[in-house]
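The values are calculated or read from the model by the stated rules, or taken from the named source; none is laboratory data. Nothing here was measured: the structure is a model prediction, and the numbers come from that model. Cβ atoms come from the backbone with ideal geometry, glycine included; neighbour counts cover every protein chain shown. Surface areas here come from the heavy atoms of the whole protein model, side chains and all, with no ligands, DNA or RNA. Shrake-Rupley method; radii C 1.70, N 1.55, O 1.52, S 1.80 Å.
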Protein chains: 2
Amino acid sequence: MGTVGKALELLDLFTRVRPQLGLSDVSRHSGVNKATCHRLMTELQAYGLVEQVEPSREYRIGPAVLRLAALREETVPYKSIVQPVLVEATERTGESAHVSMLVGGRVELISFAYAQRHGTRVILHDAETLPFHATSSGLVILAHSGPALQKEVLGRPLPALTPQTETDPARIRARLETIRVQGYAESVGAFENDVHSFAAPVFASQGDCIAALAIAAPATRVTPALRDEMIAAALKGADDLTLKWGGRPPERAAPATIDAY
Amino acid sequence: MGTVGKALELLDLFTRVRPQLGLSDVSRHSGVNKATCHRLMTELQAYGLVEQVEPSREYRIGPAVLRLAALREETVPYKSIVQPVLVEATERTGESAHVSMLVGGRVELISFAYAQRHGTRVILHDAETLPFHATSSGLVILAHSGPALQKEVLGRPLPALTPQTETDPARIRARLETIRVQGYAESVGAFENDVHSFAAPVFASQGDCIAALAIAAPATRVTPALRDEMIAAALKGADDLTLKWGGRPPERAAPATIDAY
DNA sequence: GTTGTCGGTTCATTATTTGAACCACTGGTT
DNA sequence: AACCAGTGGTTCAAATAATGAACCGACAAC
């Protein structure tokens with residue numbers, strides 16, 4: 001990776017739980033020499049991708065992203081296309097729905113919708129990066145991606161986020177096969193306790209899987225009937241998005257559970 | 001400037017009128033060697049700041065900005081702070097209001113609000129870069145910035161966007177002085193014909209002028225009374241923002257026109 | 001065919017990036 | 001006051017990465 005990539009990777013250190021970082025923090029967390037960090041951050045700052053906040057001189061994401069995001073949404077109105085699909089899915093199931101995208105080798109949550117039906121619901125946050133191995137979105141994307149990404153992801157350490165998280169690369173690899181055949185992924189409490197979710201793949205025009213639509217409910221609420229409904233809604237929503245983004249939805253055998261679809 | 005800065009500058013080639021560019025376009029418009037462009041774009045693409053669209057292989061702004069923008073808004077809720085202030089200004093004057101920011105040496109429109117009172121109104125676009133010399137926002141920011149920025153901006157060629165655009169650096173410099181004394185800038189048809197606008201400066205905690213709040217109306221509608229109201233609303237809104245962003249509003253002598261404020 | 005474009009690649013030359021050590025400063029602790 | 005551990009930021013020779021003219025294959029127009 002070149003210098004540009006290294007600089008941009010520094011941006012990944014900023015997360016919703018750690019939105020501001022001092023120079024030494026940046027160096028520590030990235031493993032890059034402090035002097036180098038300083039130079040790179042200075043360049044990012046000159047463009048406005050980060051800014052320094054007085055008086056601590058900590059860095060945070062800068063205002064340049066506003067222009068870029070507005071331009072992106074104007075060029076590719078993903079979010080405005082996604083929203084109605086999510087709303088439909090939430091209204092159908094009564095549960096939270098979200099779309100995440102494969103960007104820069106990570107799964108980023110880009111949009112979500114809540115249903116109004118229940119007092120409890122799964123809460124989601126914008127700008128969140130989802131782990132591949134512990135979420136239905138991550139798994140379904142991984143299952144439909146090339147072996148290169150799979151090898152890279154499963155080669156990394158796989159932290160157990162809950163007692164239910166599967167961390168054995170071999171067993172995950174086996175699951176990916178199942179997911180590919182089924183056409184959707186299921187996750188029970190592997191990312192957060194008591195969250196039961198299903199995710200279906202969204203394909204781009206070239207046939208790559210670049211996103212996932214997921215539906216998540218509190219685990220205790222998932223009856224067999226709701227389960228079927230959630231799966232069907234996830235598949236339907238994902239296929240809608242695939243169509244609207246110019247891709248071709250996969251042909252699916254129609255098992256009993258997807259009759260509703 | 002280092003490699004990182006050069007790469008990021010390529011992002012500026014993408015505008016709302018030219019949202020997609022081929023490799024050769026990028027090279028031509030930036031003046032950078034095609035091979036270098038290719039390498040830089042590849043690195044930007046790896047992070048997701050740009051993406052390539054099939055089958056033309058043109059580049060456009062990528063999905064990574066979504067995460068960054070969401071994170072930015074979460075860390076620094078500029079847009080959500082700005083919006084109510086803009087609404088207040090539009091309701092008071094019945095005209096469009098917008099806020100632009102100084103980012104990376106450019107003036108970027110970051111948020112706007114329309115009033116409902118009239119059938120005609122000044123239309124604004126998100127993600128637009130405003131010229132310093134031909135807009136009230138640009139002028140008021142320039143007037144309250146350091147001599148370094150002024151020298152740089154006035155040293156560049158100043159295109160005449162309309163017959164009313166002032167393009168003589170010396171005369172602009174003189175105007176900046178007036179603007180600084182008055183505390184606001186006025187522009188009549190210098191950016192777009194028939195648009196009459198006023199802008200007031202927004203200051204950050206260190207006292208730098210980092211943004212401007214502007215109010216724009218169709219020129220034919222600007223009576224002396226509306227004029228006073230627009231100026232007062234711009235000053236009031238700008239001072240509000242300065243306060244909310246942690247700065248200290250400038251003390252102003254209170255001329256007759258600002259009594260309403 | 002010929003010509004001109006496109007996106008992308010190659011590789012010797014060149015210029016930039018890199019990082020250990022260093023400074024100046026701040027806020028605790030002894 | 002002296003000391004220590006931390007901060008953000010700077011220096012400069014050595015190492016490494018960026019650069020760009022020339023090139024390739026593909027496509028389109030003529």
Q | Among B:Glu108, B:Glu54, B:Glu128, residue whose mean-square fluctuation peaks in a GNM of chain B (springs only between Cα atoms under 10 Å) | A | B:Glu54
Q: Quickly work out the A:Ala225-to-A:Ser56 label distance, labels modelled 7 Å from Cα along the C-beta direction, and quote it in nm with one decimal.
A: 5.1
Q: Give me the number: length gained by fully extending A:Asp194 to A:Gln20, i.e. 0.36 nm times residue separation minus the C-alpha to C-alpha distance, one decimal in nm.
A: 59.6 nm
Q. Most fluctuating residue of B:Ala97, B:Ala69, B:Ala127 in a GNM of chain B with Cα springs under 10 Å: which is it?
A. B:Ala69
Q: For the pairs A:Lys6/A:Lys151; A:Lys244/B:Lys34; B:Lys6/B:Lys79; A:Lys34/B:Lys6; B:Lys6/B:Lys151; A:Lys151/B:Lys79, note any where the Cα-Cα span goes beyond 31 Å.
A: A:Lys244/B:Lys34; A:Lys151/B:Lys79
Q) Where in segment B:70-99 is the amide nitrogen less than 14 Å from a point lying 7 Å along the Cα-to-Cβ axis of B:Gln116? A) B:87-88, B:90-92, B:94-95
Q: Report the local net charge at B:Gly207: Lys and Arg +1, Asp and Glu -1, summed over other residues whose C-beta lies under 12 Å from its C-beta.
A: -1
Q) If you put a point 7 Å past Cα along the Cβ direction, how far is that point for B:Arg173 from the same point in each other copy, in nm, smallest first? A) 7.0
**Q.** segment A:161-221-segment B:223-249 distance, computed between alpha-carbon centres (Å)
**A.** 51
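Round to a whole number: what % of the accessible area of the protein assembly as shown belongs to carbon and sulfur, probe 1.4 Å? List each step's numbers first, then the result.
Working: 11960 of 22430 Å².
In the protein assembly as shown, the share of accessible area belonging to carbon and sulfur is 53 percent.
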Q: Compare the Cα positions of B:Asn33, B:Phe14, B:Gly62 along the charge dipole of segment B:3-66 (+1 at Cβ of Lys, Arg; -1 at Cβ of Asp, Glu; about the Cα centre) and return the one farthest towards the positive end.
A: B:Asn33
Q: Provide the buried accessible surface between chains B and A in square angstrom, both chains summed, 1.4 Å probe, rounded to the nearest 100.
A: 4400
Q: Can you tell me the order of A:177-187, B:111-121, B:40-50, B:77-87 when each peptide is scored by its average per-residue count of other Cβ atoms within 10 angstrom, highest first?
A: B:40-50, A:177-187, B:77-87, B:111-121
Q) How many Å² of accessible area per residue for segment B:10-162, probe 1.4 Å? A) 40
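Only helices at least 18 Å long along their own axis, judged from Cα atoms, and with Kyte-Doolittle mean hydropathy of -0.5 or greater: name those in chain B from DSSP H.
The qualifying helices are B:34-47, B:78-93, B:169-182, B:224-244.
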Q: Calculate, for A:Lys34 and B:Met1, the FRET efficiency according to 1/(1 + (r/R0)^6) with r their C-beta to C-beta distance and R0 22 Å; round to the nearest 0.05.
A: 0.55
Q.
What distance in nm separates the two pseudo spin-label positions at B:Glu9 and A:Arg252, each 7 Å out from Cα along the beta-carbon direction?
A. 5.0
Q.
For a quick check, take a GNM of chain B with Cα springs below 10 Å and name the residue from B:His133, B:His144, B:His29 with the largest mean-square fluctuation.
A. B:His29
Q: Using label points projected 7 Å from each Cα along Cα→Cβ, tell me how many nm separate B:Gln206 and A:Lys79, to one decimal.
A: 2.9
Q. Excluding A:Ile110 itself, what net charge comes from residues whose Cβ is under 15 Å from its Cβ, given Lys and Arg +1 and Asp and Glu -1?
A. 0
